[in-house]
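Here's a structure for you.
The values are calculated or read from the model by the stated rules, or taken from the named source; none is laboratory data. Keep in mind the model is a prediction, meaning the values are calculated, not measured. When we count neighbours, we look across all protein chains shown, and the Cβ atoms used for this are built from the backbone with ideal geometry, even at glycine. Note: accessible area is taken over every heavy atom of the protein model, side chains too, but ligands, DNA and RNA are not part of it. Shrake-Rupley method; radii C 1.70, N 1.55, O 1.52, S 1.80 Å.
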Amino acid sequence: MKQAVIQIHDKGGVRMEKVSIGRGGLTVGRAWSSDVILQDKYVDPDHLTLSVGDGGVILVADLATTNGSSVAGKRLSGEAKPYRLGDVIKIGDTNIRVFDQSAGVAATSLRSGWYLLAEKFNSGATITALTLLTLAFAALVDWLFAAKPLNAGDILISVFALLVGLLLCALVLGFIAKLIRGESGLRSLWVLGCISILLLNVISLLLMVTRFNLQNVDVAHWLSVIGFGALSVWGLVGLFSYMSYLGTRNKWICSILIVLSVFAFIRSDEWLKEDHELWNAYSRTEEITLPPALLFKDRVSADEYQQETDLLFDFEELGGS
């Protein structure tokens, strides 16, 4: 077993990973199941292997990939070749170099936290437990703050609808990820969905307690803005991590911009509230105007407005009959 540090240089920048290379080898590729994961669309799910041969020599072998691999400019074949520490292994648009950890090379950043999150739920038992916990907590929150008493049938319907919605979202997002990354990552997306629903219900529970039990409207307002905004950004970064090749900084920037855009759209009616109030006050006077969004239209008098309305809905015809 050899302790090594792998330097990965891709479009997202340079990062280092600590690895243990044994005779069984480790895989380098695009798949989430790979020991070293590369964010590169030109890399196969399992692209090459690194192993330790006789005398502690590191061996590298290409796994009959589509675009191939090269070491120090020489193309690799399927046969394992000795690797000299520090040589550049080129895979797609990514360059890899392997160093001996005992030589004092420090890892500047370890494996993505999103990969580690999905890796914690790598068995059917853990995923089932997470799913049951999510559904149970969502049912509890619905029951605690329901506008009317809920019976067992209502709760079961709510839980079933949540489960079906989660399944459909995972399948749709998995299909999109398959088109973009070449693999669906359904397990990772399912884990992300369950954790997002759990956090959503935690925030909802705190929000309802603050708003209705403690009667603190201002704190509840800011809790909803900050809580749901942060959860939305976190969830979008997770989706970009599992479904795209965006770098860390770009994932966060895109997620924040999307959340801010949605927030601006939702709050636009509040920002236009003053204009609407002015329009409502003016429409009760001598003339009637159209809403602010349609101010490019000409004003009409109250009589003309009434006549147009009568013609539109045939009120006169109905009245005459």
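Where q = 0.26 Å⁻¹, what log10 of I(q)/I(0) comes from the Debye formula for the stretch 20-69, counting one point per Cα?
Here log10 of I(q) over I(0) equals -0.92.
Let me ask something else about it. For an R0 of 51 angstrom, estimate the FRET efficiency from the Cβ-Cβ distance between MET208 and LEU63 and round to the nearest 0.05.
Values: r = 53 Å, r/R0 = 1.04.
E(calc), rounded to 0.05, equals 0.45.
Keeping the other protein chains in place, figure out the carbon and sulfur percent of the accessible area of the stretch 1-67, with a 1.4 Å probe.
The C+S portion of the solvent-accessible surface of the stretch 1-67 is 48 percent.
How high is the relative contact order of the stretch 149-218, in percent, counting Cα pairs under 8 Å that sit 6 or more residues apart?
Contact order relative to length: 19 percent.
If I model a spin label at ALA230 and ALA72 as a point 7 Å from the Cα along the Cα→Cβ vector, what separation in nanometres do I get?
5.1
Under a no-solvent Debye model with one identical scatterer per Cα of the stretch 52-101, what's log10 I(q)/I(0) at q = 0.18, 0.25, 0.28, 0.32 Å⁻¹?
-0.54, -0.99, -1.17, -1.34
Provide the three semi-axes, in whole Å and in decreasing order, of the ellipsoid equivalent to the stretch 1-45 as defined by the square roots of 5 times the Cα gyration tensor eigenvalues.
Ellipsoid half-lengths, sorted descending, are 19, 14, 6 Å.
Using DSSP to define loop residues, name the trypsin sites (Lys or Arg not before Pro) in the stretch 197-255 whose beta-carbon has at most 12 other beta-carbon atoms within 10 Å.
none
Could you compute the FRET efficiency for ALA136 and SER20, with r as their C-beta to C-beta distance and R0 at 30 Å, rounded to 0.05?
It comes to 0.20.
Shifting gears a bit: Give the dimensionless ratio obtained when the Cα radius of gyration of the stretch 147-198 is divided by 2.2 N^0.38 Å. Working shown, then result.
Details: Rg = 14.4 Å, N = 52, 2.2 N^0.38 = 9.9 Å.
This ratio for the stretch 147-198 stands at 1.46.
What's the whole-number percent of alpha carbon pairs in the stretch 142-254 lying beyond 22 angstrom?
Of all Cα-Cα distances in the stretch 142-254, 48 percent exceed 22 Å.
Of the listed peptides 78-85, 59-66, what is their order by residue-averaged count of other C-beta atoms within 10 Å, with the highest listed first?
Highest-to-lowest ranking by the protection proxy: 59-66, 78-85.
Could you tell me the convex hull volume per residue, in Å³, taken over the Cα atoms of the stretch 198-246?
Roughly 47 Å³ of hull volume per residue.
As a test question: what accessible area, to the nearest 10 Å², does SER33 have when a 1.4 Å probe is rolled over all protein chains in place?
90
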